[in-house]
Amino acid sequence: MHTLVKLLQEMKDFGKAVEYGEKLLSLSPDNSDFMLSQAENYYYLQCYESALPLYLKLQESHPAEIHVLARLSSIYEALYELSEGDNNESDIWAIESTNELIDSVVFTCSKMIKQDKGDQASKLLNGVLLIDSGNARANALFGYVLRENEEFEQAFHYLDKAVSQGFFDCLDILAEVIEESYGTPAFIYYLEKLSKKFPDDNVIKKYLGYFNYKNDSFHKAYEYFSAVVEDDDSDIVFRKYKALARYKSVDESKQWFDKNALVAAANELFTLFKLMPRDTEIAADLVRFYMNIGEIRKSYEVSCSLDKYISSHKENEWNKHFYYLALRDKDSFYKAYLCGRSLRFKSNFDSFKKRIWNGEPIAGKKVFLLREQGIGDELYFASNYQWLIEQGAIVKAYCRERLLVPFERLFPEISFIPMNEKNARTLKNMDASVLADADVIVLSGDLPALHYQAYGHALFNKDYYWVEHSLKKKWKRKLDSIIATDRPRVGIAWRSGLVYGSRATYYLSADEMAIVISKLPEVEFINCMYAECSEELDKIEKLTGRVVYNIDELDQRDDFENTAAMLSNLDLVLGAHIAPIILAEAVGTRTVIYGADYLPENGELVKESLNYPGTPHISLPVNNSAKRAQAIDGIVDSVRKLLNI
């Protein structure tokens with residue numbers, strides 16, 4: 001009977017062949033020859049739904065049979081309407097179809113995956129790889145399917161095989177697999193190894209540039225982008241990230257920024273912003289550029305121009321908060337600040353964004369408080385920790401290791417978990433189980449804004465850091481032994497430990513600090529900088545002929561309890577809005593603060609601090625030497641007024 005079926009097939013009488021084929025299968029349902037014969041009958045009759053289960057059964061017993069794979073490929077093409085006309089839109093990596101059966105099967109699989117038929121495609125791909133284990137496109141597609149199924153270890157195996165053969169189209173998928181398991185630095189390490197195998201490949205250089213940029217390694221990113229040998233400007237994404245990397249590498253260099261270098265780096269950003277007026281990343285760096293050169297109004301105008309294309313965009317609203325700060329528009333400032341949550345927490349944000357506190361009742365709930373930003377910010381936000389406690393929640397919180405002792409003393413109701421310096425700023429390596437247990441997540445940087453919205457002022461208790469009486473007396477005796485005069489004692493902290501592009505304009509230079517000291521002969525000055533500044537102190541003393549007392553035995557960086565006690569014995573602390581100033585405010589010592597938030601259109605140099613009512617804040621002009629000299633006089637006048645001298 002099988003011979004008869006074959007004869008009917010040769011005569012192309014597939015209708016009769018089907019009848020005899022059914023009889024054969026009823027006699028021997030697992031016979032592969034009979035099964036293939038009947039599957040072919042249905043195939044030529046275009047009865048694909050009847051042919052499909054037969055071919056699938058044959059594939060189970062003969063997974064590497066190319067004829068069966070080809071037939072299944074053709075059937076899927078017909079059943080899922082994977083027409084040739086849709087090839088360019090339907091495949092994943094633009095795999096070109098050829099007359100080769102294996103390439104044809106792989107091509108079909110790419111279109112099936114695009115239509116969410118990954119499970120069926122993976123069976124075909126498994127067969128292809130049994131025949132040709134080195135098929136780069138098949139490895140890439142199989143890895144893609146495994147990634148979709150969250151089988152990351154297996155996905156890496158197949159994607160790596162594809163990439164190692166030079167099939168770089170799947171690098172994006174491989175990046176997701178590695179980053180999901182090990183983070184961005186691991187993928188950079190992978191790319192660096194790959195670049196040794198393909199040292200001249202521009203694609204790898206671009207990827208190394210982009211992922212170093214993503215990892216905030218802007219100097220490295222620009223080096224890799226600059227190594228790309230490519231004259232074609234059509235790759236707008238490459239142009240964009242090369243320009244952003246160049247700008248940031250200048251902007252965030254660990255030195256006082258060179259305005260001309262910054263302008264040169266920003267020129268390409270202006271060109272790109274005209275080409276990509278909706279791009280929030282370019283807009284954000286142009287905002288930073290104008291901030292750095294003291295043009296706060298223009299930074300605001302960049303954000304407003306983006307509003308024409310993208311209204312109510314969170315990042316763009318956040319960028320406006322600098323302008324509102326300069327205006328002292330508290331309502332707008334705090335609204336804009338809350339829009340920056342995802343920027344402040346970056347990659348961690350999605351894991352807890354649905355549980356973030358917005359000021360609603362939380363009595364009896366389990367709350368986890370996330371610290372953020374620098375040490376000064378953490379001290380500032382802690383002004384509202386008691387307010388959070390009084391909401392009646394059960395509070396756990398992260399804090400920097402060096403703040404654990406004082407915070408446990410000041411806020412015994414909160415269970416603090418210390419984070420080392422490496423992880424604290426970005427909250428890397430957070431304990432997922434601790435966060436998962438919380439009903440509500442509180443972002444510490446939100447507290448001033450939420451308190452302002454509720455009560456009309458930002459801080460619940462600005463001088464919350466009470467110093468133990470015996471420790472305060474100890475430091476009074478110590479200061480009396482160092483400074484023999486009865487003159488007012490003023491601490492100075494003229495800059496942060498981080499002085500680079502976007503922060504450099506916030507501070508006075510050593511030369512400018514010397515001018516302030518020279519104009520206040522009635523005052524004794526104590527260094528409150530915990531960053532290395534010995535050369536600057538020497539310069540200040542030489543320029544002024546004055547002694548700036550430096551308490552070498554006090555670790556002002558890590559020993560907060562003794563530093564707080566020392567600050568509580570000063571008459572005033574002068575400086576930028578950084579950790580020593582914030583700690584001085586927290587212990588109740590008067591301060592004079594300055595920062596680069598000058599708006600030429602309103603001309604105000606001396607304002608009230610946004611954060612601390614009654615505290616003078618002097619705006620430092622950046623590009624106007626005459627106005628800056630007036631601002632320095634404003635600092636001196638504010639000190640005299642507070643000290644009544």
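The values are calculated or read from the model by the stated rules, or taken from the named source; none is laboratory data. These numbers come from a predicted model, not from an experiment. Methodologically, a virtual Cβ is constructed for each residue, glycine included, from the backbone with ideal geometry; neighbour enumeration extends over all protein chains shown.
Quick look at the values:
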{"quantity": "Count of residues meeting criterion [modelled with pLDDT under 90, farther than 16 Å from residue 376 by Cβ and surrounded by 18 or more Cβ atoms within 10 Å (Cβ to Cβ)] in the stretch 484-501", "calculated": "1"}
{"quantity": "Of all residues in the stretch 190-201 being touching a helix residue (DSSP H, G or I) at 6+ places or on another chain (Cβ under 9 Å) and not hydrophobic (A, V, I, L, M, F, W, C), the one that is surrounded by the fewest Cβ atoms within 10 Å (Cβ to Cβ)", "calculated": "197"}
{"quantity": "Of the criteria (1) out of contact with any helix residue (DSSP H, G or I) (no Cβ under 8 Å at 6 or more places or on another chain); (2) hydrophobic (A, V, I, L, M, F, W, C); (3) within 14 Å of residue 446 (Cα to Cα), which one residue 382 fails", "calculated": "(1)"}
{"quantity": "Residues that are surrounded by fewer than 20 Cβ atoms within 10 Å (Cβ to Cβ), under 22 Å from residue 631 (Cβ atoms) and of a type in the set (A, V, I, L, M), drawn from the stretch 270-324", "calculated": "293"}
{"quantity": "Pairs where the first residue, in the stretch 120-136, is more than 16 Å from residue 155 (Cα to Cα) and the second is in a loop (DSSP other than H, G, I, E, B) and among the aliphatic types (A, V, I, L, M), C-beta under 7 Å, 6+ apart", "calculated": "127/64; 130/64; 131/64"}
{"quantity": "Residues that are farther than 16 Å from residue 228 by Cα and not hydrophobic (A, V, I, L, M, F, W, C), drawn from the stretch 182-196", "calculated": "182, 183, 184, 185, 189, 190, 193"}
{"quantity": "The lone exception for residue 552 - which of (1) part of a loop (DSSP other than H, G, I, E, B); (2) surrounded by fewer than 15 Cβ atoms within 10 Å (Cβ to Cβ); (3) under 35 Å from the mean Cα position of the chain (by Cα) it fails", "calculated": "(3)"}
{"quantity": "Matching option when the condition is without any contact (Cβ under 8 Å) to a residue 40 or more places away in the chain and more than 24 Å from residue 599 (Cβ to Cβ), among 298, 353, 366, 346", "calculated": "353"}
{"quantity": "Residues satisfying the stated conditions in the stretch 600-621, i.e. buried (at least 19 other Cβ atoms within 10 Å of the Cβ) and of a type in the set (A, V, I, L, M, F, W, C)", "calculated": "605, 610, 618, 620"}
{"quantity": "Residue ranges of strands (runs of 3 or more DSSP E) in the stretch 331-436 with at least 3 members of a type outside the set (A, V, I, L, M)", "calculated": "394-400, 415-419"}
{"quantity": "From 335, 308, 298, 274, residue being within 19 Å of residue 622 (Cβ to Cβ), among the basic types (Lys, Arg) and not assigned by TED's automatic domain parsing to the domain that holds residue 441", "calculated": "298"}
{"quantity": "The stretch 590-602, subset in contact with a strand residue (DSSP E or B) (Cβ under 6 Å, 6 or more places away or on another chain) and assigned to a loop (DSSP other than H, G, I, E, B), residue farthest from residue 324 (Cα to Cα)", "calculated": "590"}
{"quantity": "Residue that is surrounded by the fewest Cβ atoms within 10 Å (Cβ to Cβ) [pool: residues in the stretch 510-537 that are β-branched (Val, Ile, Thr) and in a helix (DSSP H, G or I)]", "calculated": "515"}
{"quantity": "Residues being within 18 Å of residue 317 (Cβ to Cβ) and either aliphatic (A, V, I, L, M) or surrounded by 14 or more Cβ atoms within 10 Å (Cβ to Cβ) (or both) - total across the stretch 340-366", "calculated": "8"}
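Here is a yes/no grid of residues against (1) at pLDDT 95 or above; (2) within 25 Å of residue 463 (Cα to Cα); (3) in contact with a strand residue (DSSP E or B) (Cβ under 7 Å, 6 or more places away or on another chain):
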| residue | (1), (2), (3) |
| --- | --- |
| 369 | yes, yes, yes |
| 373 | no, yes, no |
| 378 | yes, yes, yes |
| 382 | yes, yes, no |
| 406 | yes, yes, no |
| 415 | yes, yes, yes |
| 431 | no, no, no |
| 440 | yes, no, yes |
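Rundown of residues vs (1) part of a helix (DSSP H, G or I); (2) within 25 Å of residue 627 (Cβ to Cβ); (3) touching a residue at least 24 places away in the same chain (Cβ under 8 Å), yes/no style:
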{"residue": "508", "(1), (2), (3)": "no, yes, yes"}
{"residue": "575", "(1), (2), (3)": "no, yes, yes"}
{"residue": "580", "(1), (2), (3)": "yes, no, yes"}
{"residue": "604", "(1), (2), (3)": "no, yes, no"}
